[in-house]
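A short worksheet on the structure shown next.
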Amino acid sequence: MAVVGIVAEYNPFHSGHEFLLNQARLVAKDDPIIVIMSGNYVQRGQMAIMSKWDRAQAALQSGADLVLELPFSYAVQPADIFAGGSVKLLHDLGAESLVFGVEDANLNFSFLAQKISQIPHNRFTFSDYTQTYATQYNQMVAQEVGHEINQPNMMLAIAYAVANLSLRRPLSLHPIMRIGSGHDDLLMRENIVSSATSIRNFCLHHQGEDLSSLKNLVPKAELATLQNQTVYPNWNILFKFLKYRLESTSVTDLGRIYQMSEGLEYKMKEEIHLAQDFTEFLRRIKSKRYTYARLRRLSLYTLLNITSDEMFASFDNISTLLLGYSKRGRNYLKKMRKDFEVPIISKVDRKGASEGTLGLQVKTDRLFEQIIGQDQNFGRYPIEVK
């Protein structure tokens, strides 16, 4: 078999993602394409603009055979943990190849990963508080491997390749040149594949209006879903809940939040009174030591009351929720499920949702359900696409 894996957020699914799925089909041929997709919260510390079910549906209708949820424990994390959890899940589900989009597909990512893995571990300990950890890490890697690593998908690709080295059966890596706008491009441009960031930006600024300008950028069914949504989750909506959490929680309890360190609980509690919105709040707590992505993730952990103990416990009980499948995907599940090295949850029940990654997922999804008005776990069944 030539089972292909893809790691995705699809926030939302767009024509660039469809292109990557088409490229993955050339690798997989008649074998399944497995997508490990972030759920209702994404890597940089935000709610997804559409539910995991709607995004999974778009992927399945565009060529994916299995879509499974990347647990919150891995989905809302820095690149190394995000990539490590994703690649390990694909490995445990029988994937043999990893297809990913990147700004420069001509690089030998396996070679770069081997070079990085040979750097003495103590080189990764930093004490320069005038720059973020990410900046120092990227500078050190560039110095060692002779190539600048500073674009979002490039950094993720390196993280995938490094994580791949630790697998018992490493995946074959297939980098695909990204087409269209840059990952963080806020503007939509004519005759070019727009970024998910620009599409989200357009939706947020045209809430309740006609979204037909997106008709060439996202699948027709997904556009209809976006058009019918009454709310697009974002930090402008969540800020008042974060403010309540910070103002009503003691500094001692805030100190137990995952990734709360170096007195940030004091800084956050102090600045939340003065900030008028989430953007201003981030600016007030920003320092040269932390990236905005790191602070958004910390804000999300705080809002959702995720403690360090809770996060670490989730790593000891990993499972993945099956969001949907095609006929090819269903046949693959029937044939291979007993050989998978990770439990696949097809239906969430009260007992199974009390602990581990699934328990944390159900807990975090409660807020998303309140915002979007749709149940996300109980009573839901995998989507089947003929």
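The values are calculated or read from the model by the stated rules, or taken from the named source; none is laboratory data. The structure displayed is predicted, hence computed values, not measured ones. Cβ: placed from backbone, ideal geometry, glycine included. Neighbour counts: every protein chain shown. Areas reflect the complete protein model, heavy atoms only, side chains present, ligands, DNA and RNA absent. Shrake-Rupley method; radii C 1.70, N 1.55, O 1.52, S 1.80 Å.
Results, tabulated for the structure shown:
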| quantity | calculated |
| --- | --- |
| Output for the range 319-365, where each listed residue is over 23 Å from the mean Cα position of the chain (by Cα), closer than 24 Å to Ala95 by Cα and of a type outside the set (Ser, Thr, Tyr) | Lys327, Arg328, Arg330, Asn331, Leu333, Lys334, Lys335, Met336, Arg337, Lys338, Asp339 |
| Residues (among the aliphatic types (A, V, I, L, M) and surrounded by 24 or more Cβ atoms within 10 Å (Cβ to Cβ)) located in the range 29-46 | Ile33, Ile34, Val35, Ile36, Met37 |
| In the range 334-386, residue least open to solvent (accessible area, probe 1.4 Å) [restricted to those that are closer than 14 Å to Leu68 by Cα and among the basic types (Lys, Arg)] | Arg380 |
| Residue list for the range 26-71, filter: more than 23 Å from Ile344 (Cβ to Cβ) and without any contact (Cβ under 8 Å) to a residue 40 or more places away in the chain | Leu26, Lys29 |
| Residue match in the range 13-26 (condition: of a type in the set (D, E, K, R) and within 29 Å of Tyr301 (Cα to Cα)) | no |
| Output for the range 227-257, where each listed residue is open to solvent by less than 50 Å² (accessible area, probe 1.4 Å), assigned to a loop (DSSP other than H, G, I, E, B), touching a residue at least 12 places away in the same chain (Cβ under 8 Å) and out of contact with any Lys or Arg (no Cβ under 9 Å at 6 or more places or on another chain) | Gln229, Val231, Pro233 |
| Check on Ser62, open to solvent by 10 Å² or more (accessible area, probe 1.4 Å), at pLDDT 95 or above, within 27 Å of Asn228 (Cβ to Cβ) and of a type in the set (Gly, Ala, Ser) | yes |
| Condition met for Thr249 (of a type in the set (Ser, Thr, Tyr), modelled with pLDDT of 95 or more, more than 24 Å from the chain's Cα centre (by Cα) and within 24 Å of Gln77 (Cβ to Cβ)) | yes |
| Every residue from the range 258-303 that is of a type in the set (Phe, Trp, Tyr) and in a loop (DSSP other than H, G, I, E, B) | Tyr258, Tyr290 |
| Qualifying residues in the range 205-226 (those that are open to solvent by 70 Å² or more (accessible area, probe 1.4 Å) and not in a loop (DSSP other than H, G, I, E, B)) - the one nearest to Asp54 (Cα to Cα) | Lys220 |
| All positions within the range 6-55 that are of a type in the set (D, E, K, R) and under 9 Å from the mean Cα position of the chain (by Cα) | Glu9, Arg44 |
| Positions within the range 1-32 being of a type in the set (Val, Ile, Thr) and either assigned to a loop (DSSP other than H, G, I, E, B) or closer than 25 Å to Pro78 by Cα (or both), in sequence order | Val3, Val4, Ile6, Val7 |
| Residue match in the range 325-335 (condition: among the polar types (S, T, N, Q), touching an Asp or Glu at 6+ places or on another chain (Cβ under 8 Å) and touching a residue at least 12 places away in the same chain (Cβ under 8 Å)) | yes |
| Failed item, numbered, when Met155 is tested on (1) within 27 Å of Asn108 (Cβ to Cβ); (2) modelled with pLDDT of 90 or more; (3) part of a helix (DSSP H, G or I); (4) open to solvent by 50 Å² or more (accessible area, probe 1.4 Å) | (2) |
| Long-range neighbours under 6 Å by Cβ, at least six apart or interchain, first residue more than 16 Å from Ser38 (Cα to Cα) within the range 345-358, second outside any loop (DSSP other than H, G, I, E, B) and hydroxyl-bearing (Ser, Thr, Tyr) | Gly356/Ser314 |
| Lone unmet requirement of (1) under 30 Å from Ala313 (Cβ atoms); (2) modelled with pLDDT of 95 or more; (3) surrounded by 14 or more Cβ atoms within 10 Å (Cβ to Cβ) for Ala275 | (1) |
| Subset of the range 170-204 that is surrounded by fewer than 16 Cβ atoms within 10 Å (Cβ to Cβ) and modelled with pLDDT of 90 or more - its residue that is farthest from Gln227 (Cα to Cα) | Ser172 |
| Enumeration of residues in the range 66-99 that are outside any helix (DSSP H, G or I), open to solvent by 10 Å² or more (accessible area, probe 1.4 Å) and closer than 19 Å to Gln151 by Cβ | Pro78 |
| Of the criteria (1) surrounded by fewer than 23 Cβ atoms within 10 Å (Cβ to Cβ); (2) farther than 26 Å from Ala353 by Cα; (3) of a type outside the set (Val, Ile, Thr), which one His17 fails | (1) |
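Okay, residues lined up against (1) in contact with a helix residue (DSSP H, G or I) (Cβ under 7 Å, 6 or more places away or on another chain); (2) farther than 16 Å from Gly45 by Cα:
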position	(1), (2)
Asn228	no, yes
Asn234	yes, no
Leu238	yes, no
Gly255	yes, yes
Lys269	yes, yes
His273	no, yes
Gln276	no, yes
